[in-house]
């Protein structure tokens, strides 16, 4: 029963979101005052219902394999910071090749940020 209620809440939020999405366009093309007011009332009602219904939606569970602790890198080691600060004045990025110092520093940083977790030391 709880899964059915959660699915209905999700479908309701999707439908109300679509109504809210097309409301500005419908207001723009409304050719009479009464149609404009009807579209405006529909949009306001959809917005209020969306705000009420979003409180009943079950939050998504984080993936079991990816916890926030697994994704956290920690502080960038001081040697990488010193290497980047040693490029001052930072004029190397204007060259087409970037210069050997900049390429070396960026390669080290890329290996740290995107490398295997066991190699981040």
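Key figures for this structure:
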quantity	calculated
Where a residue in the range 13-32 is within 22 Å of residue 52 (Cβ to Cβ) and its partner, wherever it lies, is in a loop (DSSP other than H, G, I, E, B), with Cβ under 9 Å and at least six apart	13/57
Check on residue 92, surrounded by 10 or more Cβ atoms within 10 Å (Cβ to Cβ), at pLDDT below 80 and more than 31 Å from the chain's Cα centre (by Cα)	yes
Boolean, residue 102 is in a loop (DSSP other than H, G, I, E, B) and either at pLDDT 70 or above or surrounded by 10 or more Cβ atoms within 10 Å (Cβ to Cβ) (or both)	no
Candidate set: the range 53-84, residues that are surrounded by 11 or more Cβ atoms within 10 Å (Cβ to Cβ) and either in contact with a strand residue (DSSP E or B) (Cβ under 8 Å, 6 or more places away or on another chain) or part of a helix (DSSP H, G or I) (or both); chosen: the one modelled with the lowest pLDDT	84
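The values are calculated or read from the model by the stated rules, or taken from the named source; none is laboratory data. Keep in mind that what you see is a predicted model, and the values were worked out from it rather than measured. Every residue, glycine among them, receives a Cβ derived from its backbone with ideal geometry; neighbour counts consider all protein chains shown.
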